[in-house]
1. Report the semi-axes of the equivalent ellipsoid for the protein assembly as shown in whole Å, largest first, where each axis is √(5λ) for an eigenvalue λ of the Cα gyration tensor.
2. Given N residues in the stretch A:5-112, what is Rg(Cα) / (2.2 N^0.38 Å)?
3. Ratio to report: Rg/Rh of the stretch A:31-88, with Cα atoms as the point set and Rh obtained by the Kirkwood method; give two decimals.
4. Would you tally the net charge around B:T86, using a Cβ to Cβ cut-off of less than 13 Å, leaving B:T86 out, and scoring K and R as +1, D and E as -1?
5. First select every other residue whose beta carbon is under 11 angstrom from the beta carbon of A:G105; then total the charges, Lys and Arg +1, Asp and Glu -1.
6. Can you run the Rg to Rh ratio on the stretch B:3-115? Use alpha carbon positions and the Kirkwood inverse-distance Rh.
7. Starting from the Cα-Cα distance between B:L116 and B:W83, subtract it from 0.36 nm times their residue separation and give me the gain in nm to one decimal.
8. Taking amide H positions as placed in the peptide plane 1.01 Å from N, state which residues far from A:S55 in sequence (5 or more) or on other chains have amide H under 5 Å from it.
Amino acid sequence: EPEVTQTPSHQVTQMGQEVILRCVPISNHLYFYWYRQILGQKVEFLVSFYNNEISEKSEIFDDQFSVERPDGSNFTLKIRSTKLEDSAMYFCAMRGGGNSPLHFGNGTRLTVT
Amino acid sequence: AQSVSQHNHHVILSEAASLELGCNYSYGGTVNLFWYVQYPGQHLQLLLKYFSGDPLVKGIKGFEAEFIKSKFSFNLRKPSVQWSDTAEYFCAVNAPHTGTASKLTFGTGTRLQVTL
């Protein structure tokens, strides 16, 4: 299975600080996603990204969140001003075209104090 | 919008016992169905998927799942579990015709604990 690399593996930040989570794209993968999993809860969709623009976003993905993939490089999720409730495991996922399956990264554990 | 229900939150089995984890979804149209596994400290991995055709699908590590359209179900089974199957199992669905970047919707997950 292709490996999706996410960095950092663990990030601790203070409330109100900005964080950027990164994901290294796999060659030929076109669709990019961010999911998050709050401890003990289900995996929740945040946003999908295709052709350098957001395709869909959930109600969780408010103005504090943004995604980009400048010049075909890393796919990033930025949280502008973190809140305690942003503490979660954030998973990057990507897939190729058609019905190809999603490949997930190992996740970044974000802890907001 | 689609939703997924997994009614078993925590299942404890002895090695060699048979496993069945329930998954029900709600969506009126065509769906793709998936089971993912998350071993402790690791990322989500695809166990198996159903798109069309034979409703009984076989995945990795001896797992299988059966799609029953009339029951909106996609239960995961394994005849004989091993200690190494201890993990969290997630059922997921997407609606392929809702857009080219259609998202996966996950269930709440089932924690499987296999004892020796």
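1. Working: eigenvalues 175, 87, 49 Å².
The three semi-axes for the protein assembly as shown are 30, 21, 16 Å.
2. Details: Rg = 13.0 Å, N = 108, 2.2 N^0.38 = 13.0 Å.
Dividing the Cα radius of gyration by 2.2 N^0.38 Å gives 1.00.
3. Working: Rg = 11.7 Å, Rh = 12.1 Å.
Rounded to two decimals, Rg over Rh is 0.97.
4. Numbers: positive: B:K61, B:K78, B:R111; negative: B:E15, B:D85, B:E88.
Result for the neighbourhood of B:T86: 0.
5. On the way: positive: A:R22; negative: A:E3.
With Lys, Arg at +1 and Asp, Glu at -1, the net is 0.
6. Details: Rg = 13.6 Å, Rh = 14.2 Å.
Looking at the stretch B:3-115, the ratio lands at 0.96.
7. On the way: separation 33, 0.36 × 33 = 11.88 nm, distance 0.65 nm.
In short, 11.2 nm is gained.
8. A:S48, A:F49, A:Y50
Here, each number is a calculation from the coordinates, and none is a lab measurement. Here the structure is a predicted model, which means the values were calculated and not measured. Virtual Cβ from ideal backbone geometry, glycine too; neighbours counted across all protein chains shown.
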